[in-house]
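Peer 1: Below is a structure I'd like to ask you about.
The values are calculated or read from the model by the stated rules, or taken from the named source; none is laboratory data. Just so it is clear, the structure is predicted and the values come from calculations on it, not from any experiment. A quick note on method: Cβ atoms are made from the backbone with ideal geometry, for glycine too, and the neighbour counts reach across all protein chains shown. Heavy atoms of the whole protein, side chains included, go into the accessibility calculation; ligands, DNA and RNA do not. Shrake-Rupley method; radii C 1.70, N 1.55, O 1.52, S 1.80 Å.
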Amino acid sequence: MSLNTFGHLFRVTTWGESHGPALGATVDGCPPGVEIDAAALQVWMDKRKPGQNKYTTQRREPDQVRILSGVFEGRTTGTPVQLMIENTDQRSKDYGDIAEKFRPGHADITYWQKYGIRDYRGGGRSSARETAARVAAGGLARAALAHLAPGVEITGYMVQMGPRRADPARYDLAQIAQNPFWCPDAEAADDWAGYLDMLRKSGDSVGAVIEVSARGVPAGLGAPVYAKLDTDLAAAMMSINAVKGVEIGDGMAAASLTGSANADEITMGPDGPVYNSNHAGGILGGISTGQEIIARFAVKPTSSILTPRRTITKSGEETEIVTKGRHDPCVGIRAVPVGEAMMACVLLDHLLLHRGQIGDAGGQIG
């Protein structure tokens, strides 16, 4: 299996399987001199780790990240940074019943069709467990951003669970860490709790929509035509397990607007251009405007459910499947820190590209 790496200058290669001894990331291109240690990365790992409440999988993984290379005396050296997370709570026997069957809605069948072999223990590389490595790499990217562009602030939150949407009029970012859904709308979070309880107890699952914003991003990041910032953001978010759709700014809703409504009018402020709206999501022509960057992605329902579904076996026989084990009733909950990590990796990558190609040569306004 090739193509396990993303990024241009800040390059992340993830490795490992859901039920193997460990998984992790090799990060190449991190600038030297960035202050980092395992404790700083663990803050982000703890946001994503399983088993924190009844609304996520009850697999109990501490997700302790170890830095094996690339850091000396608390600072990056500029050489590859190797990050490792050991798996400690695998229950591979839970998957014995599906060794010969394909889970509907899951990558089981396509992995088999492509490779002729698959790791049915938790899905191997197709498991959402792979994203733990991304969060570790994202923690390193955040540290580098704090070193190079200290004004950047990345925040992820859930805005929809199934058909139930949060109300932007009630958004309070202080609420995000106060509920198990990373939701800025306290009323929606209360509603989602009862809704997900019902689905969980019935053996079903549900999808979600996650929004990730980045404030303080300097104007000028991204390059036309094939290295647009939104191109790489969309690819990064789409690469997250179970993601089926990505939007930047108004996204699909922009198709229903007129040109006059969609245009983010510009005035001159004391510190430069001021936009009166942000339908573009902080990116025009693939280049950051200096506004808040907003990306949104849709996560499908978890495929491993206790509700019986029709399927086939590897030999082509029709049968029925029920997936036992420990699974997220809404995998979108733990996708929030993953989306933040991917935003951090892409922004750092483009910041490095911009510095390397443009330096201080950008056009000045006013």
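Peer 1: Which value, in Å², gives the accessible area per residue of the chain when a 1.4 Å probe is used on the protein heavy atoms?
Peer 2: Numbers: 16990 Å² over 366 residues.
In whole numbers, the chain has 46 Å² accessible per residue.
Peer 1: Out of the total accessible area of the chain (probe 1.4 Å, heavy atoms of protein only), what percent is carbon and sulfur?
Peer 2: On the chain, the fraction of accessible area on carbon and sulfur atoms equals 53 percent.
Peer 1: Heavy-atom accessible area of Lys300 with all protein chains present, probe 1.4 Å, nearest 10 Å²?
Peer 2: 70 Å²
Peer 1: Something else about it: For the chain, what is the charge dipole size about the Cα centre, in debye to the nearest 20, if Lys and Arg each add +1 at the Cβ and Asp and Glu each add -1 at the Cβ?
Peer 2: 1220 debye
Peer 1: Between region 348-366 and region 205-282, what is the C-alpha centre distance in whole Å?
Peer 2: The two parts, judged by their Cα centres, are 19 Å apart.
Peer 1: Next up: Of Gln42, Pro168, Ile365, which is farthest on the positive side of the dipole of the chain, counting Cα position, with +1 on Lys and Arg Cβ, -1 on Asp and Glu Cβ, and the Cα centre as origin?
Peer 2: After comparing all options, I get Gln42.
Peer 1: What pairs in Lys300/Lys324; Lys244/Lys324; Lys101/Lys201; Lys201/Lys314 have C-alpha atoms more than 22 Å from each other?
Peer 2: Working: Lys300/Lys324 19 Å; Lys244/Lys324 24 Å; Lys101/Lys201 24 Å; Lys201/Lys314 30 Å.
Exceeds cut-off: Lys244/Lys324; Lys101/Lys201; Lys201/Lys314.
Peer 1: Please list the non-local residues whose amide H lies under 5 Å from the amide H of Ile312, H modeled 1.01 Å from N, same-chain partners needing a gap of 5 or more.
Peer 2: Amide H neighbours of Ile312: Phe102, Thr319.
Peer 1: Now for a separate question. Students sometimes get this wrong: rank Ser315, Ser18 by accessible area, probe 1.4 Å, all chains present, largest first. Please report the intermediate quantities before stating the final value.
Peer 2: Numbers: Ser315 95, Ser18 5 Å².
Largest accessible area first, the list is Ser315, Ser18.
Peer 1: Right, another one. As I understand it, the dipole of the chain uses +1 on the Cβ of Lys and Arg and -1 on the Cβ of Asp and Glu, about the Cα centre. Which of Val225, Tyr111, Val12 lies farthest toward its positive end?
Peer 2: It is Tyr111, whose Cα lies furthest towards the positive end.
Peer 1: Please turn the phi angles of region 99-109 into ³J(HN,Hα) values with the Karplus equation 6.51 cos²θ - 1.76 cosθ + 1.60 (θ = phi - 60°), one per residue in order, whole Hz, x for glycine and proline.
Peer 2: Karplus values, whole Hz, x for Gly and Pro: 4, 9, 10, 10, 6, x, x, 10, 6, 3, 6.
Peer 1: To continue, here is another question. Can you work out the FRET efficiency for the pair Ala227 and Glu265, with r the C-beta to C-beta distance and R0 = 30 Å, to the nearest 0.05? Don't skip to the end; give the middle numbers.
Peer 2: On the way: r = 28 Å, r/R0 = 0.93.
Between Ala227 and Glu265 the formula returns 0.60.
Peer 1: Using only the Cα atoms, work out Rg/Rh for region 237-366, with Rh taken as the Kirkwood radius, to two decimals.
Peer 2: So for region 237-366, dividing Rg by the Kirkwood Rh gives 1.15.
Peer 1: Take peptides 282-294, 341-353, 160-172 and line them up by average Cβ neighbours within 10 Å, highest first, as a rough protection proxy.
Peer 2: On the way: 282-294: 20.8, 341-353: 26.9, 160-172: 14.5.
So the order, starting with the most tightly packed, is 341-353, 282-294, 160-172.
Peer 1: Here is a further query. Would you kindly derive the ³J(HN,Hα) couplings of region 163-177 from the backbone phi angles with the Karplus curve 6.51 cos²θ - 1.76 cosθ + 1.60 (θ = phi - 60°), listing them in order in whole Hz, with x for Gly and Pro?
Peer 2: Each residue's phi maps through the Karplus curve to give x, 9, 9, 6, 9, x, 5, 9, 4, 9, 4, 5, 7, 4, 8 Hz.
Peer 1: Starting from the Cα-Cα distance between Asp37 and Met252, subtract it from 0.36 nm times their residue separation and give me the gain in nm to one decimal.
Peer 2: Gain in length upon complete extension: 73.4 nm.
Peer 1: Further question on the same structure: Based on the inverse mean of 1/r over its pairs of different Cα atoms, what is the Kirkwood hydrodynamic radius of region 127-255, in Å? Numbers along the way, then the final one.
Peer 2: Working: mean 1/r = 0.0595 Å⁻¹.
The Cα-based Kirkwood calculation yields 16.8 Å.
Peer 1: Mind pulling up the Rg/Rh value for region 137-187? Radius of gyration and Kirkwood radius, both on Cα. Don't jump to the answer; show the numbers that get you there.
Peer 2: On the way: Rg = 13.9 Å, Rh = 12.5 Å.
Rg/Rh for region 137-187 comes to 1.11.
Peer 1: HN-Hα J couplings of region 37-43 from phi, Karplus 6.51/-1.76/1.60, θ = phi - 60°, integer Hz, Gly and Pro as x?
Peer 2: Ordered by residue, 3J(HN,Hα) equals 8, 4, 5, 5, 6, 5, 4 Hz.
Peer 1: Can you give me the long-range amide H partners of Ser69? Hydrogens built in the peptide plane at 1.01 Å from N, cutoff under 5 Å, separation of 5 or more residues or another chain.
Peer 2: For Ser69, the qualifying residues are Gln82.
Peer 1: Could you check the spin-label model distance between Leu9 and Glu317? Points 7 Å from the Cα along Cα→Cβ, value in nm.
Peer 2: 5.8 nm
Peer 1: Now for a separate question. Given Cβ point charges of +1 (Lys, Arg) and -1 (Asp, Glu) and nothing else, what value in debye, to the nearest 20, does the dipole of region 193-311 about its Cα centre take?
Peer 2: 780 debye
Peer 1: Which order do Ser304, Ser277 take when ranked by solvent-accessible area (1.4 Å probe, heavy atoms of all protein chains), largest first?
Peer 2: Numbers: Ser304 15, Ser277 35 Å².
So, going from the largest accessible area down, we get Ser277, Ser304.
Peer 1: Once Rh for region 112-154 is found with the Kirkwood sum over Cα pairs, what is the Stokes-Einstein diffusion coefficient at 10 °C and 1.306 mPa s, in µm²/s?
Peer 2: Values: Rh = 12.8 Å.
Reported coefficient: 124 µm²/s.
Peer 1: OK, next. So how do Ser239, Ser303, Ser260 rank on accessible area, 1.4 Å probe, biggest first, that is with the largest at the start? All intermediate terms of the calculation are to be shown ahead of the outcome.
Peer 2: Working: Ser239 55, Ser303 25, Ser260 105 Å².
Descending order: Ser260, Ser239, Ser303.
Peer 1: Could you size up the charge dipole of region 242-308 around its Cα centre, putting +1 on the beta carbon of Lys and Arg and -1 on that of Asp and Glu, and report it in debye to the nearest 20?
Peer 2: Values: 3 positive and 6 negative charges, 91 e Å.
With Lys and Arg at +1 and Asp and Glu at -1, about 440 debye.
Peer 1: Still on this structure: With Kirkwood's inverse mean 1/r over C-alpha pairs for Rh, give me the Rg to Rh ratio of the chain, two decimals please. Walk me through the intermediate numbers first.
Peer 2: Details: Rg = 21.1 Å, Rh = 21.6 Å.
A ratio of 0.98.
Peer 1: Also, quick follow-up: Evaluate 2.2 N^0.38 Å with N set to the residue count of region 227-313, then give the Cα radius of gyration divided by it.
Peer 2: On the way: Rg = 18.1 Å, N = 87, 2.2 N^0.38 = 12.0 Å.
The reported ratio for this selection is 1.51.
Peer 1: What does region 97-200 give for Rg and for Dmax, in Å, if only its C-alpha atoms count?
Peer 2: 18.9, 51
Peer 1: Would you mind checking which residues have amide H under 5 Å from Gly245's amide H? H placed 1.01 Å from N; only 5 or more apart, or other chain.
Peer 2: Under 5 Å from the amide H of Gly245 lie the amide H atoms of Ala298, each far enough along the sequence or on another chain.
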